[in-house]
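The structure appears right after this line, and notes come after that.
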Amino acid sequence: MALGLYSRDGSVTRGGRAGVVCFPETTDEVAACVRIAVAHGRAFVPRGAGTGLAGGAVPCDDPVVVATTRMDRIHEVDVERRFAWVGPGVVNLDLTRHLTGTGLHFAPDPSSQQSCTIGGNVANNSGGPHCLQDGVTSAHVLAVEVVLPDGEVVVLGDEEGRAVGYDLRGAFVGGEGTLGIATRICVRLCEDPPEVATLLLGFARVEDAAATVSAVIADGIVPAALEIMDQRVVEAVEPFVHAGYPTDAAAVLIVELDGLPAGVAAEVERITAIGHDHGAGTVRVAADEDERARIWKGRKSAFGAIAVIKPDYYLNDTVIPRTRLAEVLAKVYEVVDERDLIVMNVFHAGDGNLHPLIVYDAREPGVMERVLEAGEEIVRISVEAGGVLSGEHGIGLEKKRFMHLQFTDADLVAQDRLRRAFDLHGLANPAKVLPTGASCGHVTSLGRPPEGMWV
Amino acid sequence: MTPLEAFRDEVGATGPVCVRGGGTRWSVGRDPAADGAGPVREVRAPVGVEAFEPAEMTVRVGAGTPLVDLAAALAEHGQEVALDGPPGATVGGALMVGRSPLRRGRLGEATDALLQADCVGADGVAFTAGGPTVKNVTGYDLCRLLVGSLGTLALVGRVILRTHPIPEASAWLAGPVEPSAVSPLVHRPATVLWDGERTAVLVEGHAADVDDQMRRLSDLGMVPVDPPVLPPHRHRVEGGLSGAGVLEVGAGVVHRDEPATAPAVPNGVAALAARVRDSFDPERRLNPACDPHRVPV
Ligand SMILES: Cc1cc2nc3c(=O)[nH]c(=O)nc-3n(C[C@H](O)[C@H](O)[C@H](O)COP(=O)(O)OP(=O)(O)OC[C@H]3O[C@@H](n4cnc5c(N)ncnc54)[C@H](O)[C@@H]3O)c2cc1C
Ligand SMILES: Cc1cc2nc3c(=O)[nH]c(=O)nc-3n(C[C@H](O)[C@H](O)[C@H](O)COP(=O)(O)OP(=O)(O)OC[C@H]3O[C@@H](n4cnc5c(N)ncnc54)[C@H](O)[C@@H]3O)c2cc1C
């Protein structure tokens, strides 16, 4: 078994070391793994597909890695009551495929959906382009069966989403593997919309695209998706997908609207007008399903396409108030330019979720320091603008040291109270999330991204 | 001293204490026997809409603010929040009881409304849960833990809530048909109610879409009606509707005339919940007479 593969995830964190890797297939086996680890005073680290971007699944100091990838069964789909029970190892896109024809879908659609697992989605409270209107994973998990860090098995929440007592399900989601291991998940399924319209707007200035996003929200429209890609991303993606993106535009804005026909038509009109008011050079409405699919394919393969530019990347994830997009984005470009680096911006603009992607060549001497510095500065700028450290990738190892930028000691103590109620022994993924947690000896926070990681 | 600091000082670090909101759901989760256990100091949370940012679709508001005042401020810019209640009910009270709005098909659950909460813990120390933005996975999701906690984990002084645009049009229709006959004719209705004989549905959205759905529903024999008045007590539903009551279809709630009792939760979950409460409030000084496990749904 190649332990090395399980020593890292999709982040640039390196130096992790897996002691043992277990591949349980049942809840009982997961509980046994946890009990054995705890009996020996060993930490355990839950793991899905390892696509996480914050180092959440990176093993620190030889823990027991519990990979739930083999728990990949879709147990039950209840079309009438609109839920499905799935194993944590089910790949996000496999659930979507399984539901084709039922008129229902699982809303969270991370760009990594071809590889990431629902267990990982739950642990990271993941988002995706289509989470603007309907919310991120937490809004789509009704119940979750969990092996707690002492080996006890509980079901948090229920099929109606109406469990008695504290919302422990809500507290568990986003716990980044520090509150226990999800072994079965009951997800909420959403009705497919009767009508969908996808718009592609091209702008001569990134700021204009950003200002358009702010204006759309200010107008009281909450689209299904609202994504920005800047020129560097478009130039990298277009040759692969031929989506018809305007490559001469400084930024393109993808807007998707769904619902009933009259509302969709009215919003298409309003957004077209808002776009023109903000200097959109082109506004195109996808004519058919094929054109729509290509527009989205380009968006979702953006990370893969950047490989043609530089061999390494560092992807940040912060959120800012959506009224300040233009201003903060300008600062992001400045920060990166000042350090002689290249940034590509492709992000969930509608909820203010920035994803500045710094591309570099790690062989260049001194480049890591500059990348790291720029990343830190972007986090700082975001928090100063009234934002937060992470919108969907989580804290993991990567952002622990920034927690004090957003939270006071008292805030972190309150968070630790929740963690300790779940994890009495302090052995569940202990080095993650809170800066007060255990340290992680060998790990450096920047290195080369893994090969074959492109999604 | 800011109102929030004054609130913190009033809560203090010793003695049993709770927040009194509008008092409209004072008995929820309360153990009548605990009333004799000794006095619990009642404090009030700060009042007032501090910052409404329509373009951001968020509002920062004192937890003691009456819901009607918040609704009026938001309506000026055509927005609303996913909290509702009788006259007098406060923002903090609605969140701590944590019931989802009847119009959950449009507004989502009460828990989705809360982005950030400025709290005072059992140790008398102020802390903030969550963050100000509409999307946020930084650290643990204490906001979800707080909604429905009846003020037993922390007392809430001020919150930031997500707002929604008020729909352009809306209509209640009812008729002697089954919910399953209605659902193919509507898209994301705000709510569907079923009393065993009649279905009532609330459709909301763009005027032309609402008209269109009304036409289809009237072909089915449904007619426009006033908003129905629901029986006062909320019961859990497992599966369908049995006996007299009004089912909120898909919400897991039946409204009935007789009071409900909460089912026991499994031992493992109860033990975890107790650890959570002990961890936040080891001396049980926060709203000690209340326990969310006594709330049926
Ligand atoms: C190209 C690319 C695009 C991406 N796009 C997005 C995006 O659009 N939106 C987004 O939100 N994220 C995105 N991500 C990040 C990542 O894919 C998500 O966080 C995803 O949910 C992780 O799932 P995973 O199965 O790979 O989990 P892993 O990386 O294996 O683990 C992630 C965390 O979850 C924990 N965990 C895993 N399984 C379990 C379990 N069964 N029980 C308890 N804890 C568990 C781990 O301990 C770890 O802390 C992207 C990543 C890449 C590489
Ligand atoms: C017709 C009707 C419709 C309703 N619809 C909805 C709805 O759509 N959505 C919804 O969410 N609710 C709904 N409810 C429930 C209701 O709005 C609230 O639960 C309620 O009114 C509580 O507000 P209050 O200020 O009166 O709280 P109180 O009765 O004063 O307090 C209730 C409990 O919460 C605690 N508490 C109050 N404020 C705080 C605080 N700031 N910090 C800590 N603890 C606190 C109190 O100590 C007490 O235990 C509805 C109720 C009715 C009757």
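The values are calculated or read from the model by the stated rules, or taken from the named source; none is laboratory data. Quick caveat: nothing in here was measured; it's all calculated off a predicted structure. Heads up, the Cβs are rebuilt from the backbone with ideal geometry, glycines too, and the neighbour counts pull from every protein chain shown. These area figures cover heavy atoms from the full protein model, side chains too; ligands, DNA and RNA do not enter into them. Shrake-Rupley method; radii C 1.70, N 1.55, O 1.52, S 1.80 Å.
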Quiz prompt | Filter result for A:A197 (under 23 Å from the mean Cα position of the chain (by Cα) and either more than 9 Å from chain B (Cβ to nearest Cβ) or at negative phi (or both)) | solution = no
Practice problem: Among what's in region A:417-439 and is closer than 19 Å to A:A54 by Cα and either within 12 Å of chain B (Cβ to nearest Cβ) or of a type in the set (S, T, Y) (or both), pick the residue that is surrounded by the most Cβ atoms within 10 Å (Cβ to Cβ). | Solution: A:V433
Self-check item: Within region B:1-18, considering residues that are closer than 20 Å to B:E50 by Cα and aliphatic (A, V, I, L, M), the one nearest to ligand 1 (Cβ to nearest atom)
Solution: B:L4
Self-check item: Evaluation of A:S138 against (1) outside any helix (DSSP H, G or I); (2) under 15 Å from the mean Cα position of the chain (by Cα) (one fails), failing number
Solution: (1)
Quiz prompt | Residue that is out of contact with any helix residue (DSSP H, G or I) (no Cβ under 9 Å at 6 or more places or on another chain), open to solvent by less than 50 Å² (accessible area, probe 1.4 Å) and more than 8 Å from ligand 1 (Cβ to nearest atom), where the choices are A:V38, A:V64, A:V86 | solution = A:V38
Practice problem: For region A:172-194, indicate whether the set of residues that are aliphatic (A, V, I, L, M) and open to solvent by 40 Å² or more (accessible area, probe 1.4 Å) is non-empty. | Solution: no
Quiz item: Is there a residue in region B:160-167 that is surrounded by 23 or more Cβ atoms within 10 Å (Cβ to Cβ) and either on the phi > 0 side of the Ramachandran plot or of a type in the set (S, T, N, Q) (or both)?
Solution: yes
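Within region B:3-80, which strands (runs of 3 or more DSSP E) (wholly inside it) include 2 or more residues that are among the charged types (D, E, K, R), open to solvent by 60 Å² or more (accessible area, probe 1.4 Å) and at pLDDT 95 or above? Spell out the reasoning first.
Values: elements: B:17-19, B:41-43, B:49-53, B:58-62.
In region B:3-80, the matching strands (runs of 3 or more DSSP E) lie at B:41-43.
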Self-check item: Boolean, A:V30 is among the hydrophobic types (A, V, I, L, M, F, W, C), assigned to a strand (DSSP E or B) and more than 20 Å from the chain's Cα centre (by Cα)
Solution: no
